[in-house]
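As structure tokens, the structure follows; a few thoughts come after it.
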Amino acid sequence: MKVGFIGLGVMGGPMAANILKGGHSLTVFDLNPASVATLTAAGAKAAASPRDVGAASDIVVTMLPLPSHVEQVYLGPNGVAEGMARGGLVIDMSTIDPQTSKRVGKALRERGIAMVDSPVGKTSEHAVTGTLTLMVGGDPADIARAKPVLDCMGNQTFLCGGLGAGHAMKMTNNLLATTIMCANTEALAIGVKEGLTLELMVEVMKTTMAWNQQLAVAMPKKAFIGDDSPGFMVKLAAKDVRLAVDAAKALGFQALVGEGALATLDRAASLGYAERDTAALMKIREDELGIRVRPQAQPKAA
């Protein structure tokens, strides 16, 4: 297939590379020339604008940071819709609110272009290996057309409903995952300040309802070794939680736990960690309490 990809960041770059590996021709666009160069070196063609990506492609995939970016790339001046022929298909894999997805999809449909939403789960490591979780929303016929491209990027696909349902699922998932991360860092920091060790707390929590995937998988790889290099950045986590909190308000519900997580993330951003991984939350707690939660290095044998 002739595929276009817009948004070649930490996740989008390797996702686009896997589409190439899947045997499809690929045209790419990103505001970062280095990201484009990485893909063109692998065999992709560079485009000068989203419009040019649309003109060159049967299917266009987007992986963008904000709802406003999605709307602009598809419907704005020099956007995908200006270049794409009727009968085209777009797949938005960003994490945005369902309302924006539905609004953009409606506008594209009026121009003869179909839309599927398929935000992703897991990490940048899974983006590299093509083993992401895909949360898909859209018309079944459009999803069937998208499947050969989606299969290049993920190995677990969940059909969530109509257009926007994938984004609803991702918003719900990220609200829970991020609030758990915030709670973990808070609880562990309090425990260490009270004289407990990380090792003891982990062993006890493995046997109780406190155990979670953040403690089991994510934090040992990042937070527990002091690595806050960008993966899931604080500013993006805050954006995702804010989407969920705002959605709750629109439903007449106050997401108190979500608001607490959002306050934690906004504070981290104000301290200069906006573009660091959410693992930085652990470092902030440590600095505030004058402790180190992470394991101490073991002395080398004589």
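Backbone phi angles across the stretch 282-291, fed through the Karplus curve with coefficients 6.51, -1.76 and 1.60 (θ = phi - 60°), yield HN-Hα couplings of 5, 4, 4, 4, 4, 5, 5, 9, x, 10 Hz in residue order; Gly and Pro are listed as x. Rounded to whole numbers, the Karplus 3J(HN,Hα) couplings from phi for the stretch 94-108 are 5, 9, 9, 7, x, 5, 5, 4, 5, 5, 5, x, 5, 5, 5 Hz, using 6.51 cos²θ - 1.76 cosθ + 1.60 with θ = phi - 60°, and x at Gly and Pro. The Cα center of the stretch 1-25 and the Cα center of the stretch 99-143 differ in position by 14 Å.
Label positions at ARG103 and ALA144, each projected 7 Å from the Cα along the C-beta direction, are separated by 3.2 nm.
With Cα atoms as the point set, the stretch 181-260 shows a radius of gyration and Dmax of 15.1, 43 Å. Which of the pairs LYS45/LYS222; LYS102/LYS122; LYS193/LYS221 have their Cα atoms more than 28 Å apart in this structure? Flagged as over cut-off: LYS45/LYS222. Rounded to the nearest whole Hz, the Karplus-based 3J(HN,Hα) values (6.51 cos²θ - 1.76 cosθ + 1.60, θ = phi - 60°) of the stretch 217-225 follow the sequence 10, 5, 5, x, 7, 10, 4, 6, 10, with x at glycine and proline. For the pair VAL257 and PHE158 in one chain, pulling the backbone fully straight at 0.36 nm per residue adds 33.0 nm over the alpha carbon distance. When the inverse distances between all different Cα atoms of the stretch 205-302 are averaged and flipped, the Kirkwood radius reads 15.1 angstrom. Each principal axis of the Cα cloud of the stretch 228-272 was taken in turn, and the coordinate range along them, longest first, works out to 37, 17, 13 Å.
Principal-axis analysis of the Cα atoms of the chain puts helix 234-250 at an angle of about 80° to the longest axis.
A straight Cα-to-Cα reach below 20 Å connects LYS249 with the aspartates and glutamates ASP97, ASP240, GLU259, ASP266, residues fewer than 8 places away in its own chain not being considered. Within the stretch 114-153, the percentage of alpha carbon pairs spaced more than 17 angstrom apart rounds to 28%. Highest average first, the peptides 192-198, 137-143, 125-131 ordered by how many other beta carbon atoms sit within 10 Å of their residues are 137-143, 125-131, 192-198. One decimal place: the segment LEU176-GLU125 gains 16.3 nm when fully extended, by the rule 0.36 nm per residue minus the C-alpha distance. Note on the stretch 49-128: Kirkwood hydrodynamic radius from all Cα pairs is 12.6 Å, rounded to one decimal.
When peptides 148-156, 174-182 are sorted by average Cβ neighbour count within 10 Å, with the highest value leading, the order is 174-182, 148-156. Dividing the Cα radius of gyration of the stretch 1-106 by its Kirkwood radius returns 0.93 for Rg/Rh. Rg of the Cα atoms in the stretch 144-194, relative to 2.2 N^0.38 Å, amounts to 1.77.
All of the numbers you see were taken from the coordinates with simple rules; none came from a lab. Keep in mind it's a predicted model, so treat the numbers as computed, not measured. Using ideal geometry, Cβ is built from the backbone for each residue, glycine included, and neighbour counts are taken over all protein chains shown.
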